[in-house]
Each structure stands twice: as structure tokens, then as C-alpha cells.
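Each reported figure results from applying straightforward, stated rules to the coordinates on display, with no laboratory input. Keep in mind that what you see is a predicted model, and the values were worked out from it rather than measured. Every residue, glycine as well, gets a Cβ built from its backbone with ideal geometry; the counts of neighbours run over all protein chains shown.
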């Protein structure tokens, strides 16, 4: 016996609105009684953290600890969960079998399947989660199909997801490897149910990579976000004095400040140059996967000094911070990517030494404009228990005067021959990274004219008529602004019922929703169900390697005490 999953035209990665299709190949070497064959499309975000000691916890924690100090606790969110039964088909289902099984002859059997990847995560919808699984499939998926909900095949108990804290966001990208505190995986799982008290079910799963479509991009306004830093070189010390013929009878004493007895500066002391360097990105600062950083370096002259200043080194680093949450325990880990590093530059920071004060010069971008972000960089995302954010840091090395050669310059051991240098860090605190996968125009229009769509397990026709959508033109619309302002906070907004008795409220009375739960403008699932994927032959898929191996075993430690 062997089970194999063969995907049709498997790409480098899947994205939202893609069809995951293929076939299950079951090879048998003898007759077998098969109850059913179920294929599951799952996405899971799992975190695991160690419970710190109350006196050693650096982060304040609200509520009781999820376990004893030193124990490892897990939190798993089913971001994606779809089930399809591929056997028995109409031919086998038409035959009555009192044992609830159907015979399969020796040989190779193929069972096709087909899923469509949604946009938002499904674990945030309590109505959808409460309909999946449960004890004996009560009110659940495939109710009446056996002890576990579908003819004896175990399905997820969605009521456990109602006890966790969720957010409604776009499905996050695949993310594994490097750390053992959190990972995001997508996979296809096959279960072959074999009736019998002493017979175990056959299971097999295959992972795949996932990269989401990007959110709606803001319109280009020409504004720029900048990080600027002015600096001034320290004035050079005066040169050595000339030897006098008769120093014993000299009445003048050397002034260490380089000035004569009348307070005038000596010719050896010159005015130090002062410039201002600013790194600029389009506002809001958004980078794109597999694309160069749209950076601009601008230099501004601050003082009237004829000496030249040169850019001798340039380094650009991308800093990614991943915030991991497991129940009420938080952790943060940082990754760094060195995008560009060049220490052999000689770029003048002025068009000519005679430039007037306050003149700005844009430096050439030949150092970084041809270097794209590495394919190991995942786009920014927010999911129920993990958040990925990015920062950009630029380090500049500036020299007073043209850098010299190896015979007497930065490689010389004599420090008196080296030109003065200053190293300036320019930091962008909050940078977004988009995947670069353009969504269909219909989704962009829906995101601009409606509130975030609810993630659902079954796409029903009731979603376009939800009360929180933007109403069309009607006769009652002009009458709403005439209400007094004092009466508006009294009337509660009309929203779809999302509360459930099994899902206790996570906020205190009178507390507003935190920023962690605020969903940005998202795409409508009902609209997305009728659209083709972004890769319908119009554009190529970029490279992405956010996972070390999608079929490697999980590195998350099991929950234990």
C-alpha cells in the first residue's frame, strides 16, 4: 500500500485565489475495504514558548500563567481548513453496503480533488469554527456521518478555536526555519478510512509554500519619508611650527589654539565642512519583495567651505522583528539582512567646491539600485499569534577630502596620513514590505468601498448583503447626517452577530478594541470567490524561499510540563 499526492502544475508557491488541484494516487497490493477518502487543505500558525518564572519575566503579563514555570505551552490557530470527500463517488455510493465500506481491487486508483485558496483566515469567524467537528459531529461538518463527523474520519474540533484570541487578516506567508518558537505551514492531508476495530486509518500529507497577495497600495502623492542627520567635521589641528634660528631669545610663545597674540586664526587652521545627509523613501515607506529599495540620498551643504567631502562607505541593512504570542506570553526575535555593503567608494557630496550654501545634490544610486531584496524576506504580516515588522538602517561613511591610496590612506598605519571620517546611521523605524503580487482590480475596488470582509468557511450568498457594507444611493441616506451629534454615540452600530456562547469576550467592560485586533481594509471573500487568481498567465511568480523545507518535520516543541 502507498499513498501519493500529485499536484497539477505545482508552482513555486501558491497565493490567494489560486486553485490547488491534483489527484490522490492510492496503490494497493491486495483487496481492501475502504470507508471513504477525505482530502483536507489546512494552514496552521503554531507558537511555543516557555513559561517564565514570575520573578524573571521581563515582559509584564496579564492574567494567570498558562502553566507552571519552566513548562512549554503551545498555541495553534487553524488559519485555513477545507475538507473534500473524494471517495466514495456516485458509483460506489449507489451500492448499498451494510458495513459502510466499499471494496477496492488491487492496483492503482486515482481520486481528483480541487480547492480554492481564500483571502482571509478562517479561525477568526466563530460561526464557521463552531460548525466544524465537535463531539460526534453535532451541528458540524458532515453531521450524521459517523462518530467523528464524516464517516469515521476525524475532523478538527472548531470549538477549541473559539477559546483563543483571533484577528481577521489576509492569510500570512509560509514561515519556518531558524527559530523554534513559531512557524506557519500550509499542507494537504489525505485520510483513508478503513472500517474495523483493529484497523488503523492511512494518512499522508504534503506541504506547499504560500505567499499572499499584497494589500491595496496607497496612491502616489510624491511625498517622501526621510531620515536626516547634519554633521560637522572637527577642525584640523595646526601643523608643526617651523624651527627658529635662536629659540632661546625668542619672546613669542606658541599658542596651542593656532592663533597669534592678536587673536587672529593662523593659516594652518581652516574652516571645517558641514553637510546634511538625508535618506528618503516614498511615503508611506513600502518595499517590495524581490525588488530594489527605492532609496534616494540627498546631500545639503551647510557652511561655505571650499574643501570637498566624499562618501567612502555605504551599508544598508533590513531588520525584521517577529513578535510571537502564546496565550499571554510574548517574545520577540530579530533577523538582519545585509542588502548592500561597499567600503571602496569615492563619491563627491557636492557638484563643485564653489557650490553655494543650502544647495542640495542627489547622489547617484548605482550602489543599490540593482540589488533586490533576497527571496528569504517574507512580506509584513499580522496573524493571530505572530506579527512580522521591518526596519531599514543605512550607515554612511563620509571623508573630509578625497580618500588616498594604499600607500598612505585608510590602509596606512600612520594615523596622521588618514583623512578624517565620520560614520552616520540613518534609521527608518517602520517599513512595510509587500509581496509584489498584484490583486485583481475588482478586489481593489471592493476594498476601497467596503469594510473588512468576514472570513467564512462556506462562502454563502449572504455576505454581499451584510449590514456593514457601504450602502448605495437611497432616499433614506440624506436623512442620516441631520441627526444631532450627541445622539450618534448612543445608537450602537449595526453589525452581524459574531458572538457565540462558547467564545467569551476578551475585552473588559468599557474597553475599546486594541490596535492588535484592528483589521485594515481587506478584500471581500464573496467577490473573491468569483474571480480568477492573480497568476492567470498575465504575470510571473517571483521567487520566495520563506521556508527551509515545506515537507520537513516541525521544529516546534510539543507542549509538556
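Once the Cα-Cα distance is subtracted from the 0.36 nm per residue extended length, the residue 549 to residue 199 segment shows a gain of 122.8 nm. Length gained on full extension, residue 10 to residue 74, computed as 0.36 nm times the residue gap minus the Cα-Cα distance: 19.9 nm. Exposure proxy shown here: for 86, 357, 192, the number of other Cβ atoms within 10 Å sets the order, fewest to most, as 357, 86, 192.
Report the full-extension gain for the segment residue 395 to residue 332: residue separation times 0.36 nm, less the Cα-Cα distance, to one decimal in nm.
Here the answer is 20.3 nm.
Once the C-beta distance of residue 163 and residue 224 is scaled by a Förster radius of 45 Å, the resulting FRET efficiency is 0.50 to the nearest 0.05. The mean sequence separation of alpha-carbon pairs under 8 Å and at least six residues apart, normalised by the residue count of the stretch 287-412, gives a relative contact order of 41 percent.
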